[in-house]
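Let me begin by presenting the structure, written as structure tokens, before commenting on it.
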Amino acid sequence: MNDKIKEKDMKWYFKVIAMIVLAAGIVSCKKDDMKYSDADVSAVDNLYAPADGKSVKLLSSSSAALYFEWESALVADGGAAQYEVVFDKVDGDFSKPLYTVTSDNNGNSNGANISHKILNQVAAKAGIEPGTSGDVSWSVYSIRGMKRVLGKVKKVLNIKSLEGFADIPDELFITGEGTENGEAITQALPFKLVGNGEYEIFTKLEAGKKYTFMDRKSADARIFYSEDQTKLKESEAGSNTVTKTAVYRIQIDFNVATITYTEIKSLGVYFSPSGAVVLDLPYQGKGIWSATGIINFKQESWGRDQRYKFQMETVRAGKAETVQLGTQKGTDVPPSGADPTYFFVRILPNLSQWDDKWKFVDAVDGHPTKISMILQGDKEYTHAVVPN
């Protein structure tokens, strides 16, 4: 009986001791936290590279970069500092920097390999126009915990910015009161990606009414515009207008920041045996031209000739130009089955009477037929032939 009581007393004793130790530990931790402060860190005394006043011509390659290096800072407790490279205008004091880049190795290195893409953004924020040169200043913050100390020195970097955009959008849309779908962002019309960084759209614009290009259907989208209908720029406040209400082919190349407007005067069915347009297709809206008409094949000694393609009459920079549209893949037979790729369209590099043509089905010959050209950004360029 006494042994059992002693055993219970011992267990209670050890529990009390454990609770006291735990409480002491908690109190100790709280006191330590209250006393804790970040160790002092020194300012960076020397910037090694790039040299003061160095000029760098930016390249569009994704791997192009410039290496920045500086002297390590000192930390009072013997630990290591972290770093950020900071950019500003030449007369700036870095209190509101243009751009900040964490150094290599998650901020632990006293060097940073900074891409030309980022430097191009720095140049843009500094007001350096695409394709021109300008100066920015840079320095380094040394950091320990919550303490940040700006370097004692700064250097100047001369940047020759890219002709085009380093950050090319993955999509492009047109919106605004001057467009076919108006100002509702959700109804913005898509451009077609036709090459690396190259977009185009066929659409009608209203004279004197504003419109913009945007990289997504969102209120915080990047906005692009042109003041002279030649050079493309980016600005939240930018907008475009045209002086003539017309259907346009708008071509944008982000690689060189250019924009080209071509007025589409007319589009029609080019009948190769006649060497001429035999059916005009009026513009219906949103990249579609369409009409119903009768096309008579041409009788030859070997049979009825039914070859065709399309032809546009355009005006670009005040100069009239004829453009043809033909098949994406060579063919010398009428369509058969349900292969939609037969009707896919491309804009041809040269004019000809017989190259890159299609063949009508026999049911078109002498019968009313609806023919449509569809040049829309969210699908393959194509056309449709529907005999009645």
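The values are calculated or read from the model by the stated rules, or taken from the named source; none is laboratory data. Not measured: the values here are computed from a predicted model. We place every Cβ from the backbone using ideal geometry, glycine too, and count neighbours over all the protein chains shown. To get the accessible areas, we keep the full protein, side chains included, count just its heavy atoms, and leave off ligands, DNA and RNA. Shrake-Rupley method; radii C 1.70, N 1.55, O 1.52, S 1.80 Å.
Based on the alpha carbons, how large is the Rg to Rh ratio for the stretch 343-385 when Rh follows Kirkwood?
1.01
Give me the accessible area of T245, 1.4 Å probe, in Å² rounded to the nearest 10.
Only protein atoms counted, so the area is about 60 Å².
Which of S60, Y83, A39 sits closest to the plus end of the dipole of the stretch 31-147, meaning its Cα is farthest towards the positive end, when Lys and Arg get +1 and Asp and Glu get -1 on the C-beta?
S60
Please give the FRET efficiency for K244 paired with T102, using the beta carbon to beta carbon distance and R0 = 51 Å, rounded to the nearest 0.05.
0.50
For a 18 Å ceiling on Cα separation, which of these pairs sit above it: K233/K319; K57/K117; K96/K154; K117/K152; K54/K154?
Pairs exceeding 18 Å: K233/K319; K117/K152.
Which residues in the stretch 283-309 place their backbone N less than 15 Å from a point set 7 Å from the Cα of A276 along the Cα-to-Cβ direction?
What the label zone holds, given the 15 Å backbone N cut-off, is 295-298.
Based on the Kirkwood radius over alpha-carbon pairs, what is the Stokes-Einstein translational diffusion coefficient of the stretch 303-388 at 20 °C with 1.002 mPa s viscosity, in µm²/s?
152
Can you give the local net charge around A257? Use residues other than it whose beta-carbon is closer than 15 angstrom to its beta-carbon, Lys and Arg +1, Asp and Glu -1. Walk me through the intermediate numbers first.
Values: positive: K117, K160, R222, K231, K233; negative: E129, E163, D167, E198, D215, E227, D228, E234, D253.
Once positives and negatives cancel, what remains is -4.
What do you reckon, how do D378, D305, D45 stack up by accessible area (1.4 Å probe), largest on top?
Numbers: D378 105, D305 5, D45 70 Å².
In descending accessible area the options line up as D378, D45, D305.
With all protein chains present, calculate the accessible area of K54 using a 1.4 Å probe and round the result to the nearest 10 Å².
80
So between S133 and Q299, what do we pick up on full extension, going 0.36 nm a residue minus the alpha carbon distance?
Taking S133 through Q299 to full extension adds about 53.3 nm, to one decimal.
Of all the accessible heavy-atom surface of the chain, with the other protein chains kept in place and a 1.4 Å probe, what percent is carbon and sulfur?
It is 51 percent, rounded to a whole number.
Working from Cα positions, state the angle (0 to 90°, nearest 10) between the long axis of helix 116-125 and the longest principal axis of the chain.
Helix 116-125 sits at roughly 90 degrees to that axis.
For the stretch 171-200 and the stretch 110-169, what is the separation of their Cα centres, given in Å?
31
Please work out, to two decimal places, the log10 of the ratio I(q)/I(0) at q = 0.28, 0.29 Å⁻¹ from a Debye calculation in which every Cα of the stretch 171-217 carries one identical scatterer.
The Cα Debye sum returns log10 ratios of -1.01, -1.06.
What is the set of long-range amide H partners of K210 at a cut-off below 5 Å, with H atoms built 1.01 Å from backbone N?
Close amide H contacts, sequence-distant or interchain: E177, G178.
Could you compute Rg(Cα) / (2.2 N^0.38 Å) for the chain, with N its residue count?
On the way: Rg = 34.1 Å, N = 388, 2.2 N^0.38 = 21.2 Å.
That works out to 1.61 for the chain.
Using alpha carbon centroids, what distance separates the stretch 353-383 and the stretch 272-299, in Å?
9
Mind running the shape call on the stretch 272-325? Use the C-alpha gyration tensor, a ≥ b ≥ c as the square roots of the eigenvalues: rounded below 1.5 for a/c, prolate if a/b tops b/c, oblate otherwise.
Taking the square roots of the gyration eigenvalues as a ≥ b ≥ c, the stretch 272-325 is oblate.
Using a 1.4 Å probe and counting only protein heavy atoms, arrange Y270, Y99 so the residue with the most accessible area comes first. Walk me through the intermediate numbers first.
Numbers: Y270 15, Y99 55 Å².
Largest accessible area first, the residues go Y99, Y270.
Tell me the accessible surface of K319 in square angstrom (1.4 angstrom probe, heavy atoms of protein chains only), to the nearest ten.
Counting only protein heavy atoms, K319 exposes about 150 Å² to solvent.
For K379, go through the aspartates and glutamates and keep the ones whose alpha-carbon is under 17 Å away, minus same-chain ones fewer than eight residues off.
D170, E171, E198, E200, D339
If you average the sequence gap of Cα pairs under 8 Å that are 6 or more apart and divide by the length of the stretch 213-363, what percent do you get for the contact order? Please list the in-between numbers first.
Details: 268 pairs, mean separation 23.8, N = 151.
Averaging sequence separation for qualifying contacts and normalising by length gives 16 percent for the stretch 213-363.
Given a 1.4 Å probe and heavy atoms of the protein chains only, how would you sort Y141, Y83, largest accessible area at the top?
Correct descending sequence by accessible area is Y141, Y83.
What number comes out for accessible area per residue over the chain if the probe is 1.4 Å? Units Å², please.
Numbers: 20910 Å² over 388 residues.
Value returned for the chain: 54 Å² of accessible area per residue.
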